[in-house]
Structure formats: C-alpha cells, structure tokens
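The values are calculated or read from the model by the stated rules, or taken from the named source; none is laboratory data. Remember, predicted model here, so these are calculated numbers, not experimental data. Methodologically, a virtual Cβ is constructed for each residue, glycine included, from the backbone with ideal geometry; neighbour enumeration extends over all protein chains shown. We work out accessible area using only protein heavy atoms, side chains counted, and drop any ligands, DNA or RNA first. Shrake-Rupley method; radii C 1.70, N 1.55, O 1.52, S 1.80 Å.
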Amino acid sequence: MTDQNRVEELTAIRDSASAAYYEGESVMSDEDFDAILAELRDLGVEETTGHGYIPEGKVAHERRMLSLAKVRTEAEVLRFVERVQADQYSIEYKYDGLAISLVYEAAETGTAATLVRAVTRGNGDHGEDVTYAVRLMAESGALPLVLNGSPRRVELRGEIMLSHSSFTALNSVLDGKYSNARNAAAGILRRQSGTQARHLSLVIHDEGTMFSSRLTELGFTTSHDHMHVTVANSFDDKSTAAWIMAAISKVDLGRHDLDFDTDGAVIKVVGRDNRNALGDSSSAPQWAIAYKFASEIKPTILREVQWQLGRTGKLTPVAIFDTVSLAGANVSQATLHNFKFIEDMQLAIGDIIDVTRSGEVIPYIKGRSAANAELGTPIAPLTEWAGRDGQTYSVVRDDINLRVVGYLDPVTVIVYGIQTLGILGVSTSLVTKLVDAGKVATLPDMLAVTESDIVGLDRQGQKSAAAAVKAIRDGLGGATVGKWFATIGLHGLGRTTGRILEARFGSLDAIANATEAEVEGLEGFGTITTRDFLVARPRIKALADELRERHNYVPGAAAAVDTVESQFTGLQVVVTGTFPTLSRKDAEAAVVRLGGTVRGSVSKSTDIVVAGESAGSKLVKAEAAGIRVMGAAEFEAIVAAS
C-alpha cells in the first residue's frame, strides 16, 4: 500500500470515529484512536481541531476550544519539558466529563455580568447550545448565574460532570437507567429539560482573564480547588520530568478514591504570560499536555462462548467469564464480534484473558493474558443451529462471520417488527412464549392472537393478556403501508423510506411490483438502495400476500396531513414511552403535523427524542449519545398550542 493510500485509509477511519464520538458514541478505544493520529503524523498529516467533522445544528465558538495533546510515557513528558523550558509546571486532574464554554456578559460597564451562553466543545469549532440546562445547574448552586465585580464580558472553560455519589443517588431513583457517570452527564446536559441537570457539577480549568482565587470567591469550583501541585524546573530536564511523573503517580494511585472520574493528569506551564508566549497549534495549546492513565485491565478466566442469532441470521459470539470489577462496574461478559476475532486472538475456553472497558464504558477483551501456561479448550466454529421449530440448520462462514442458512429466528423478527411499529405492552418474553407454544410464527400471526392464547401461557393473567391484545390490535391493525414495509427490516430502508414508497405507490402490492425506473429519483434512493430494494421485492410481496390471504387484512395509506411551522420542522424525531393525554399513535401524528419526521429508532441523525413515562432503551441510548430529550409535559404543551 502506498503512503497516499494509507493516509486516505487512516483519514477515513479517523473522521468516522470522530463523527461517532462527537455524536455521543465511542467506536474505538482512546489508545487505538491516538495510534491512528500518531501514524498520520508520521506520514506528514497534521491533526486539526475536530478532524474536519462539523456536526449539523451546532453553533460556532467565538474562540476555538482545543483539545490537549495526549501523552502516555515519561519520555513524552520529557520532550514536553525540553520544548517549553518553563520555570514552573502545575499538575491538575484531567476530568473525564464534558467540556463546556461559559459566557457571562453585562449590559453595560459597572453592572453585574449574567450567564448568557453555555456551549459544549463539540468538534472545537462548533458545539451545542446547552444554556437552559446550565441555568438549571446554576439554580441548584453548581455555579453562579450572576458575577458581581467581574469584567463586562467573561468566557470560562470547564468540565461538567456527575459525581459518583450523585450518579448512585440518581440511578437508584431511575432504576439503574444510566450505565456510567460520564454518559449520564452527557444525556442530562443535552436533554435540556427536567430536574436531572441539578445533579450535575462544574469545575473550571481555564480561567481566561480571571484568576482562580477570584473565581472561587465568586462561587465557582476550580481545578485548583480539587488538586494543584507545582513542580519547579530543576534546570535538569530529566529530573524535572521525573518529578512531574512522581506527582502524576500519586494522582493515579488515589484516583479511585475520588468522587468524580479522572482519566489522567494535566501538565501546565505556570504563568499567563508564559502561556501566551507559547501559543497554540492548530489543534492544541502548546503550553499544556494531558498524561493519560492506561485503561484498567484485569485478568479473568474465559468460561464459555455463547452464540446470539441476529435478525439477519448472523451469529455473534459472546464471551462469558468470571466477574471482574472495572471502572466501577461488575463485568462478566463481552462481545467477541465475530469468529475471525476469536481466531486472531487465539482464544480458548479456560484461558486467562485480559479485560478492560473501552472508554471506561464498553467491556472489551484485549486478548490472552501472558499468564497462560498453555492453551485451553479450542473454540470451534458452529456447524449447526437448532431452530425453534425443532429442525437443525447448517451454519456457514462468510469470511469473518458465521451465518445460519435458511432460518431466521421468529422471536427476533417479530420483536423487531413490534419495535418498528412502536407498539408498547408486548414484551420479548411474551413473544417468546407465543412462539414456543406454536401460537405464532410470523409478525402477521400476531394479528390473530387472542386473550385465551396468552392466558394459557406461563405467568400470564387475564388483565395483562387483555392489555397485550389491545396493544397488538391497535398497533398492528392500525399500521400504515409504510410502517408494515419497515417491519421487513431491509438494510437502510426504514419507516421514512416506507412513507416515501407509500406516498408514491399506495399499497404493499404496488410497492412489491415497482420497477427500477419507478423508484429511481425518489428521495433516498441511490444506486445501492435501489439495488437492495429490487432484490427484496419478493419479501415485500410475501408480506402483502400473508396479510391479505391468511389474515384478510390490507394495510391502508396514511391520511394526508396539513403541517404547521414549529420547532420540530425538518427534524428527525423518535417518540417513546407513554403520555398523559396522547396515545403513541397520536403523539407520532402530532410530530408529523408539526413538520417533523418520525423515526423508529435512535441514531446519529436523531434530533429529538420525545420521552413519556416508562421510556426504555431509546431514552437511555439518546441520553448516552447526548441527543436532546423532550419530556411529555413539554411536548403536549407544544401540541396543544399548535
């Protein structure tokens, strides 16, 4: 591979990972991402703020929010010392929270400055306006809303976090909704509604034109308040670097006793004039670096590998191992991704394996531990899969994955269809019982389910059966052509595509008979989408035939809706949970009337999640990704006013 080809490959990986990170997800560990940046630097590619990724709907920073250059070894700390040649260095915590810019402004000189804007770092050039949530924090005392005796305009940089004690208290009320403090803080901050923002805390680590002592007087918590160690230059660079590392080691040893998350230490040149003289690069200040602690890695024993059958027939291996505690969570299993991953790692049952949590969140197997004396029992690829129908199906390998031939798990397929239709009150457990009892085999079969079918199942009473049947009748029977199309689960062809096809063709039968010429030019139909659609036409026809011939049911098209201009216009909206006065169907219809597009699942393109009571995984995913969440009361007030 040529250098240019390698640059293009690494750049694509870097930008994809950056986009995912700035939308609230993490697709690789910090170490892997930093390795990509290091290789790009070796190939002559200089890192820039945000790596070229600009999220939609974000606001521009007046002054770039830079990321600190990251180091992991004493040799890198020594190179920093040799370069800057400062008289003094300060060592502070590196906070594992969400970077924020706060702007206070007074109407005129001599009057108090008020918080006018709070913006997340985003990609450094553009961030998300979260002023409302930060004002809620100020009301709870996490920071001052008004500054007396400050300059007319002040910009401060800091980190918003959720302390361990607040995280535990909040999670106890919410029945463990959040997986970790950082993701919880991201979700709470960006949802812009509710009282949870009052649990957040703020620490200022870039004081701009004000001194730390003055900020403390005004009511802020600063990084100096938490921990501040000064190391003087010994005029021997190696000794100075060693002293800095000694201070960092103390931070590392004591970090697990703190009430907040820290994933490293920040080394700063002391003195504002000295910092100004050193200046900034295109991506980071030249006067500070971040020493990153290695992710905690613990050995454990791999006990077994379980296989999970996905909706498309793909088999995913899952490692089951002795429980270990990592970054505040007990972990006993982790995905092995695919069979090639197992081969590349040379994993075997009984092996001692090293487990970490990527980004301190996702359990990840690093590989076999050096402590292994010999290989354990080899993990053989599956060759057969026992279906729920009692038959055995062959398993084949397509390069990296194992797939079951000629069989799709009905429970997985039906549950996917129910979730796509937005039906509440029909659990995976109930679907499993119906399938295992031979009551249903396909999603359309759910239309014929009766209360007596459910009451006869284990742990199912009359009341729950009646509620489930009503949910099924309302959800499946009232589903439009577009929604039924989406239940097929074609790659890249969901409810939005279904509504487009419904508007163009009107029925499932007509969609199944659509030609390439007829779908070309429709919104969202490029070359690949059109190809996938044409290949899937027999499945669309089979669904239409089953609904009509077995259940005497033909889905109708959605009625035309007159839309009004609103804050939802042009946005992608997911509706989840229950509402005081609206059914799920009515809530989604209201979103459409308000100019929004209803999506069935949360993704990077989602703009708002409207969450009612008993909102489940969609709300958790939205909060973890930092997607704005609107509560039921606020949503219904907007609907009523329109």
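Per-structure values
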read-out	value
Pair Lys604, Asp562: separation of 7 Å Cα→Cβ label points (nm)	4.0 nm
Within the range 414-470, trypsin sites (Lys or Arg not before Pro) in DSSP loop having at most 11 other beta-carbon neighbours inside 10 Å	Arg459
On Cα atoms only, tilt of 537-551 relative to the major axis of the chain in degrees	50 degrees
Length-normalised contact order for the range 526-600 - Cα pairs under 8 Å, 6+ apart - percent	30 percent
The chain: calculated mean residue ellipticity at 222 nm from DSSP helix runs of at least 4, using -39500 (n - 2.57)	-11000 deg cm²/dmol
Sparsely packed trypsin sites (Lys or Arg not before Pro) within the range 237-319, loop by DSSP, other Cβ within 10 Å at most 15	Arg311
Length released on extending from Thr515 to Ile297, taking residue separation times 0.36 nm less the Cα-Cα span	73.0 nm
Surrounding net charge for Val435, when Lys and Arg each add one and Asp and Glu each subtract one, Cβ distance under 12 Å	-2
Nearest 10 degrees, 0 to 90: helix 164-173 Cα axis against the chain principal axis	20 degrees
Cα gyration tensor shape of the range 425-544, rounded if a/c is under 1.5, else prolate or oblate by comparing a/b with b/c	prolate
Using a Förster distance of 60 Å, the FRET efficiency for Glu613-Arg79 (Cβ separation, nearest 0.05)	0.60
On Cα atoms only, tilt of 495-505 relative to the major axis of the chain in degrees	40 degrees
Solvent-accessible area, 1.4 Å probe, carbon plus sulfur percent, for the chain	51 percent
Qualifying trypsin sites (Lys or Arg not before Pro) in the range 63-141, DSSP loop, other Cβ atoms within 10 Å at most 10	Arg63
Normalised contact order of the range 70-145, rounded percent, pairs of Cα under 8 Å and 6 or more residues apart	17 percent
Residue-level accessible surface for Thr195, protein heavy atoms, 1.4 Å, Å²	90 Å²
For the chain: relative contact order, % (alpha-carbon pairs under 8 angstrom, 6 or more apart)	11 percent
Surface per residue (accessible, 1.4 Å probe) for the chain, Å²	47 Å²
Separation in nanometres of the label points that stand 7 Å from Cα toward Cβ, at Lys541 and Thr114	6.7 nm
Sites Arg388 and Arg593, calculated FRET efficiency, Cβ-Cβ separation with R0 56 Å, nearest 0.05	0.85
Phi to ³J(HN,Hα) by Karplus 6.51 cos²θ - 1.76 cosθ + 1.60 over the range 266-273, Hz, x for Gly, Pro	9, 9, 10, 6, 7, x, 5, 5
Once exposed loop chymotrypsin sites (Phe, Trp or Tyr not before Pro) are cut out (DSSP; at most 14 other Cβ, 10 Å), longest piece of the chain	236-642
Area accessible to solvent at Glu518, 1.4 Å probe radius, in Å²	70 Å²
Eligible lysines near Lys238 by straight Cα distance, threshold 24 Å, same-chain separation 8 or greater	Lys70, Lys94, Lys250, Lys268, Lys292
